[in-house]
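Here's the structure, in structure tokens; my notes come after.
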Amino acid sequence: MDEFDMDGSIPGVKPAGAKKQQSGMDLDTDGSFNGKRPVIGIIDRYEITRPLGKGAFGEVYQGWDTVSRLPIAIKMIPAEVGADHEEMEEIRYNFGLTSKLYHPNIVSLLHLHPVDNTDQRARELGFKKSDFLIIMEYAPGETLFAWRRRQPNRVLSLDKALSCCAKIAEAIDYAHSQNIIHRDIKPKNVMVTRQSTTGNHPSEMSIKVLDFGLGG
Ligand SMILES: Nc1ncnc2c1ncn2[C@@H]1O[C@H](COP(=O)(O)OP(=O)(O)OP(=O)(O)O)[C@@H](O)[C@H]1O
Ligand SMILES: [Mg+2]
């Protein structure tokens, strides 16, 4: 078994087309589920497709933007933060700065979205009118935290660690050149995916740093 899945979405699960997946879902490399998205809720233009993980703000979901037809990640801003004018102003300000970062090793922020319409399923997941959502680029793969835990003795080889650190450093260096600091750099804010490449290096790790500028 490879260390990474080709689509990087579910560790230990083969890519779509290769084999039926444990969950019965077909995930493809871009997260579009090969057009067979298992929609578990709808919020305005966004379909919610599956939970990705839980953080201090709550559950983050994978989704699909039906307008751009791109996979996205959806993070809900807790209602008490959304209701606090000062905190929301700070989030808006940081969002404005951070959404100007364009780098292959940084997950792009797409929209700060005020919820209008939800279906019953989305409401059961906890989404409601006037909540604010952070809509981000979807990064396939697993967190550096999870990936490291799956290594022999839970230790990354020197090669892998150096390669990872170099890519994270590139992202941070670029952000600093734009006068933006991360504020919460940690293994759970780094996604690791295998990229197929040609030539002598059959697979290469891709790194995407999450949550730039959104930390406390
Ligand atoms: N853009 C994204 N693409 C893919 N997965 C994501 C994305 N953003 C978050 N995730 C997944 O969702 C999980 C939860 O993210 P979140 O930022 O809420 O929490 P955290 O960073 O683990 O912890 P904390 O809230 O304490 O910072 C992540 O660990 C990751 O697995
Ligand atoms: Mg995070």
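The values are calculated or read from the model by the stated rules, or taken from the named source; none is laboratory data. Here the structure is a predicted model, which means the values were calculated and not measured. Here the Cβ positions follow ideal geometry from the backbone for every residue, glycine too, while neighbour counts run over all protein chains shown.
Going by the conditions given, is residue 101 touching a residue at least 40 places away in the same chain (Cβ under 8 Å) and surrounded by fewer than 18 Cβ atoms within 10 Å (Cβ to Cβ)? So residue 101 does not fit the description; no. Of 124, 86, 90, all but one fail to be of a type in the set (Asp, Glu) and either touching a residue at least 40 places away in the same chain (Cβ under 8 Å) or more than 29 Å from residue 176 (Cα to Cα) (or both); the exception is 124.
Take the conditions (1) within 30 Å of residue 114 (Cβ to Cβ); (2) outside the structural domain of residue 97 (by TED's automatic domain parsing); (3) acidic (Asp, Glu); residue 173 misses just one of them, which is (1).
Of note, residue 194 does not satisfy the criterion of being outside the structural domain of residue 97 (by TED's automatic domain parsing), within 16 Å of ligand 1 (Cβ to nearest atom) and under 13 Å from residue 210 (Cβ atoms).
Screening residue 194 on (1) surrounded by 12 or more Cβ atoms within 10 Å (Cβ to Cβ); (2) at pLDDT 95 or above; (3) away from ligand 2 (no atom under 16 Å from the Cβ) shows it passes everything except condition (2). Residues being closer than 20 Å to residue 204 by Cβ and either in the same structural domain as residue 194 (by TED's automatic domain parsing) or among the charged types (D, E, K, R) (or both) are represented in region 116-137 by at least one member. Out of all the residues in region 87-100, which are assigned to a loop (DSSP other than H, G, I, E, B) and touching a strand residue (DSSP E or B) at 6+ places or on another chain (Cβ under 8 Å)? 99 - this is the single residue of region 87-100 that is assigned to a loop (DSSP other than H, G, I, E, B) and touching a strand residue (DSSP E or B) at 6+ places or on another chain (Cβ under 8 Å).
Within region 64-77, identify whether any single residue is assigned to a helix (DSSP H, G or I), more than 9 Å from ligand 1 (Cβ to nearest atom), at pLDDT 95 or above and surrounded by fewer than 19 Cβ atoms within 10 Å (Cβ to Cβ), and answer yes or no. No: zero hits.
Annotation note: of 125, 97, 101, the sole residue that is within 16 Å of ligand 2 (Cβ to nearest atom), of a type outside the set (S, T, N, Q) and closer than 27 Å to residue 59 by Cβ is 101. State yes or no: is residue 83 under 14 Å from residue 211 (Cα atoms) and of a type in the set (Gly, Ala, Ser)? Considered against the rule, which asks whether it is under 14 Å from residue 211 (Cα atoms) and of a type in the set (Gly, Ala, Ser), residue 83 comes out as no. What number of residues within region 120-152 are more than 12 Å from ligand 1 (Cβ to nearest atom) and surrounded by fewer than 16 Cβ atoms within 10 Å (Cβ to Cβ)? Counting residues in region 120-152 that are more than 12 Å from ligand 1 (Cβ to nearest atom) and surrounded by fewer than 16 Cβ atoms within 10 Å (Cβ to Cβ) gives 12.
Looking at region 38-53, is at least one residue under 16 Å from residue 210 (Cα atoms) and within 16 Å of ligand 1 (Cβ to nearest atom)? Scanning region 38-53, I find at least one residue that is under 16 Å from residue 210 (Cα atoms) and within 16 Å of ligand 1 (Cβ to nearest atom), so the answer is yes. For region 50-82, the set of residues classified as farther than 18 Å from residue 111 by Cα and away from ligand 2 (no atom under 16 Å from the Cβ) consists of 50, 80, listed by residue number.
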